[in-house]
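Written out below as structure tokens is the structure these notes cover.
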Amino acid sequence: MKDVPELAIHKEWLGQIQQVGLVVSPHVLVKQNVGIDRQKALDVQTRLRALGPEDAEEPRVNAFLDLATQVLEWPADLIAGTPGGLELADLLTVALPEYEDRLAPEYALLGPREEAQSAESAKSAAPTSAQSPSKSAPSPYLALISVVSVGADLDKPNPGHKDGWRASHHARLERLLRESGVSIGLLFNHTHLRLVYAPRGESSGHLTFRFRHLLETQGRPMAGALYALLGERRVTDALPDAERLPALLHESRKYQNVVSTKLADQVLEALWELLRGFQRANDETKGTLLAEALRESPQEVYGGLLSTLMRLVFILYAEDRGLMPGSDVYQKHYAVSGLFERLREDAARYPDTMDARFGAWAQLLALFRLIHDGGGHGDLRFPPRHGRLFDPDAYPFLEGRPHASTRVQGALVDPPRVPDGTVFRVLQNLLVLEGERLSYRALDVEQIGSVYEAMMGFALQQAAGPAIAVRPKHIVVNLAELLAEKPKDRAGWLAKTAELKLTGDALAKAATTEELLAAIGKKVSREYAPAPLPPGAMFLQPTEERRRSGSHYTPRSLTQPIVATTFRPIFERLGERATPEQILDLKVCDPAMGSGAFLVEACRLLAERLVRAWEVHKATPKVPDDEDVLTYARRLV
């Protein structure tokens, strides 16, 4: 989709808000005719100013119901929990016996076309302890609303909560949403309004409207977006189902499948880019950097490059989920996302010198070492992670050390001279998709697996003569060998060697490699090999297995029904009163694992059954404050 004005506007306000995880996709908003009405934005600003004290240091709204009815224009008869209005159903209260606590919303928004008796009948429809919330009847509620004290931090444990589950307001609402089966929530602290999307069994996302920012002139797009997403028409039956809030959020998640496929393609480009960077670093040492590794085990070089990209993907995922140190030192001097921003500024100022500058690769190596070994000082502390992925001795050439060496052997060496331009282009492929900054927090585990799968199934080789990669499978062919074929046999040779079918007689008439390139034309994979590879250059050749099967993202819409069908006879044999021990004793094997999509779905399903077993036998354990019971169950599985 081209960057039409409507798309640019949605990118603008989403860029101002910086959603955490995936809530809405600007492409889906444009597709479903969600526009930003500038006049309505002005009206929202005017009404917001009237709902709080004029002398407040931080602009705020005195009451959520004022915001709901006067700014968002929700019909009062669709809001449960109001004085004299509909009562909140019992099923919206979630007991936490392990903490001697409970969760409940202050208000709930009924879905469109739901009458008062729908909520009244739902009051007694709470699932029994033997039922999973996902198996109960669909909730008549569209959203749950949690109201907390003025200016309360939404993401830190509530200091006033001395007993019970001492989790953050956000964590409590998110667990309430998952347990009640209502996937949309609003968290209101009078100065901020947060929209939370937490579909059961999926990663959550949220975006936060701060009233101070909405009231500024540059915040007008955000004010318009607040009404466009949450206004009366979006939560009632005034619009077709496909244009209402639940459908917009659901379709945005489906669009993420498209994002995963495109990201996998870009990660493969990044792998080739990194290969070219190490080719240059190797050439600068006259071949000594990689000579021994290429002679003894060329696949180790491929493995090292692949591991480097997976290290970056895991770090970006961890940074987007707040799992890395939050100190300024980390953000300014270690963070991969921060490094990308600095390189992007450099590329804008000095575009012609990016490949003549060095230092970014050494910074990455320092971060890799810190994650593996641990260390730090003050608020910059890393626990030692160990494991093979970040092990400096797994691929010594990444640090400029000899093949099969260890850190304790020999003198210190300089890191490979991988250009800053290479690191920038690698990170750009990992972080920018269709002009937008990609949020790794929004990716499911399977989608991270699909990134890995995209890079699998290659053999690292060296060109014997001038070579190019050709579509559709990006197979590298030797131009000299092709030119040496009889003119009438060249098309057949290409079809057999590279699975490329060409028509016309230009290929047969070619007398030079330049004419061969012209005959192949747009079928050259220039994103992987922009120019013909010289003799001795490294390249990635798809193996026969990859040529046969390719690399495909397996969406949850496929894995979920297959896994559910596979487990059905096992669960029927165990019965509804299966014990937690029986669930945890099950063994699962996927002999053709690939990216692990089916195993991840199996983990989800078993975790849900484990939670149900805990409920049946009244044996729910106490879970850490920063986890909900389902996440804890997955970890045990």
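The values are calculated or read from the model by the stated rules, or taken from the named source; none is laboratory data. As the structure is a computational prediction, the values presented were derived from the model and not from experiment. Cβ atoms come from the backbone with ideal geometry, glycine included; neighbour counts cover every protein chain shown. Accessible surface is based on the protein model in full, side chains and every heavy atom, while ligands, DNA and RNA are left aside. Shrake-Rupley method; radii C 1.70, N 1.55, O 1.52, S 1.80 Å.
For this structure, a couple of remarks:
- Within the stretch 234-265, the set of residues being among the basic types (K, R), at pLDDT 90 or above and assigned to a helix (DSSP H, G or I) comprises R234 only.
- Residue list for the stretch 446-473, restricted to those being open to solvent by less than 40 Å² (accessible area, probe 1.4 Å) and outside any helix (DSSP H, G or I): M455, G457, F458, A459, L460, A463, G465, A467, I468, A469, V470
- Pick from the stretch 603-613, criterion under 22 Å from the mean Cα position of the chain (by Cα) and of a type in the set (A, V, I, L, M), ranking: most open to solvent (accessible area, probe 1.4 Å): L605
- Residue count for the stretch 520-546 under the criterion of being closer than 17 Å to P472 by Cβ and of a type in the set (A, V, I, L, M): the result is 4.
- Total residues in the stretch 577-602, condition within 26 Å of A454 (Cβ to Cβ) and surrounded by fewer than 17 Cβ atoms within 10 Å (Cβ to Cβ): 6
- For the stretch 1-74, no helices (runs of 4 or more DSSP H) sit wholly inside it while including 2 or more residues that are of a type in the set (G, A, S) and within 24 Å of G185 (Cα to Cα).
- Applying the condition of being under 17 Å from L430 (Cα atoms) and touching a Lys or Arg at 6+ places or on another chain (Cβ under 7 Å) to the stretch 294-347 and asking which residue is modelled with the lowest pLDDT yields R321.
- Residue match in the stretch 403-418 (condition: surrounded by fewer than 20 Cβ atoms within 10 Å (Cβ to Cβ), over 24 Å from V313 (Cα atoms), touching a residue at least 40 places away in the same chain (Cβ under 8 Å) and not acidic (D, E)): yes
- Looking across the stretch 147-198 at every residue that is part of a loop (DSSP other than H, G, I, E, B) and closer than 25 Å to D444 by Cα, the one that is nearest to the chain's Cα centre (by Cα) is identified as A198.
- Contact map, the stretch 68-82: first residue open to solvent by 20 Å² or more (accessible area, probe 1.4 Å), second residue basic (K, R), Cβ cut-off under 9 Å, separation 6 or more or different chains; pairs are Q70/R47; E73/R233.
- Candidates E269, E273 - the one that is acidic (D, E), at pLDDT 95 or above and open to solvent by 10 Å² or more (accessible area, probe 1.4 Å): E273
- Which numbered condition P105 misses (of (1) under 33 Å from the mean Cα position of the chain (by Cα); (2) at pLDDT 95 or above; (3) outside any loop (DSSP other than H, G, I, E, B)): (3)
- Of all residues in the stretch 616-632, at least one satisfies being open to solvent by 50 Å² or more (accessible area, probe 1.4 Å), farther than 25 Å from V267 by Cβ and not in a loop (DSSP other than H, G, I, E, B).
- The set of residues in the stretch 328-364 being of a type in the set (G, A, S), at negative phi and over 23 Å from the mean Cα position of the chain (by Cα) consists of A347, A348, A356, A360, A362.
Let's see how each residue does on (1) modelled with pLDDT of 95 or more; (2) hydroxyl-bearing (S, T, Y); (3) on the phi > 0 side of the Ramachandran plot:
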{"site": "P157", "(1), (2), (3)": "no, no, no"}
{"site": "G160", "(1), (2), (3)": "no, no, no"}
{"site": "L176", "(1), (2), (3)": "no, no, no"}
{"site": "G185", "(1), (2), (3)": "yes, no, no"}
{"site": "T191", "(1), (2), (3)": "yes, yes, no"}
{"site": "L195", "(1), (2), (3)": "yes, no, no"}
{"site": "R200", "(1), (2), (3)": "no, no, no"}
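- Matching residues, the stretch 501-531, being of a type outside the set (G, A, S), farther than 29 Å from A454 by Cα and surrounded by fewer than 19 Cβ atoms within 10 Å (Cβ to Cβ): T503, D505, K509, T512, T513, E514, E515
- V616 vs. criteria within 12 Å of L636 (Cβ to Cβ), β-branched (V, I, T) and at pLDDT below 90: no
- Residue, surrounded by the most Cβ atoms within 10 Å (Cβ to Cβ), within the stretch 225-244, restricted to residues that are farther than 17 Å from V23 by Cα and touching a helix residue (DSSP H, G or I) at 6+ places or on another chain (Cβ under 8 Å): T236
- Residue match in the stretch 26-48 (condition: open to solvent by 70 Å² or more (accessible area, probe 1.4 Å), acidic (D, E) and farther than 25 Å from S180 by Cβ): yes
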